[in-house]
Amino acid sequence: MCGRPWILDHQGMPRRLPLLIAAGLLAMAVAAIAPRPAAAAAPPPRTALLYRINQARIAHGLAPVRPSLELQKVAAHHSEDMMVRDYFAHTSPTGSNVASRIVNSGFVAGYAWLGGETLAWGNGSLATPLATVHAWLQSPEHRAIMLSPRFHWVGIGRTCGNYRGRPSTCVWTADWVRRW
């Protein structure tokens, strides 16, 4: 027998047994009051859209795109601008367009580059990352951008609110870039 020999008390019961029972009860009590990890929270919408975009790209044999903070900032600003000024277009009422926004982001400074942009808006279930990617895949122009092997970077913006008279509506902008 390995370990220490059992020592019997005057009733023939091993002395270690009460200690083992007490230790087991203590362990169960500690486990009952110990904090448990929270259920995994849903990722932020921009992260979820990037995930869905990359799922579609990988399913079509393409490399995933990487997020860019600089592109995210200009995409978010464009989504906010469309919401506030109540328009839906690649060119804003002030004349800002995808090329000027990408250049002004600083992301392509010192590089040759190629860019593109996809836009979407919807409310309810049509505002989700899954529905947005599905809609882009159904549109030949958006599909060509999203599934282009030329793009390596993306910045995603999303703004939600009252848009075109519809409450709880989200406006998405994705700015796509390849730089070399």
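The values are calculated or read from the model by the stated rules, or taken from the named source; none is laboratory data. Just so it is clear, the model here is predicted, and its values are computed rather than measured. Cβ placement follows ideal geometry from the backbone for every residue including glycine, while neighbour counts extend to all protein chains displayed. Each accessible area value is taken on the protein alone, full model and side chains, heavy atoms only, with ligands, DNA and RNA left out. Shrake-Rupley method; radii C 1.70, N 1.55, O 1.52, S 1.80 Å.
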Only residues in the range 89-118 that are without any contact (Cβ under 8 Å) to a residue 40 or more places away in the chain count as the first member; pair them with residues that are acidic (Asp, Glu), Cβ under 6 angstrom, at least 6 apart or cross-chain, and list the lot.
90/117; 92/81; 106/70
Within the range 45-68, considering residues that are over 20 Å from residue 120 (Cα atoms) and hydrophobic (A, V, I, L, M, F, W, C), the one surrounded by the most Cβ atoms within 10 Å (Cβ to Cβ)
62
Name every residue in the range 101-128 that is under 19 Å from residue 82 (Cα atoms) and either assigned to a loop (DSSP other than H, G, I, E, B) or open to solvent by less than 40 Å² (accessible area, probe 1.4 Å) (or both), in order of residue number.
101, 102, 105, 116, 117, 118, 119, 120, 122, 127, 128
So which residues in the range 74-99 are outside any loop (DSSP other than H, G, I, E, B) and either out of contact with any Ser or Thr (no Cβ under 9 Å at 6 or more places or on another chain) or more than 22 Å from residue 180 (Cβ to Cβ) (or both), if there are any at all?
76, 77, 78, 79, 80, 81, 82, 83, 84, 85, 99
For residue 174, state whether it is within 15 Å of residue 50 (Cβ to Cβ) and among the small types (Gly, Ala, Ser).
yes
When the range 129-162 is examined, which residues are found to be part of a strand (DSSP E or B) and either open to solvent by less than 40 Å² (accessible area, probe 1.4 Å) or in contact with a strand residue (DSSP E or B) (Cβ under 6 Å, 6 or more places away or on another chain) (or both)?
153, 154, 155, 156, 157, 158, 159, 160, 161
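Residues of the range 69-95 being open to solvent by less than 40 Å² (accessible area, probe 1.4 Å) and either under 18 Å from the mean Cα position of the chain (by Cα) or of a type outside the set (D, E, K, R) (or both), which ones? Please lay out each step first, then the result.
Filtering the range 69-95 for residues open to solvent by less than 40 Å² (accessible area, probe 1.4 Å) gives 71, 74-76, 78-79, 81-83, 87, 89, 92.
Across the range 69-95, the qualifying residues are 71, 74, 75, 76, 78, 79, 82, 83, 87, 89, 92.
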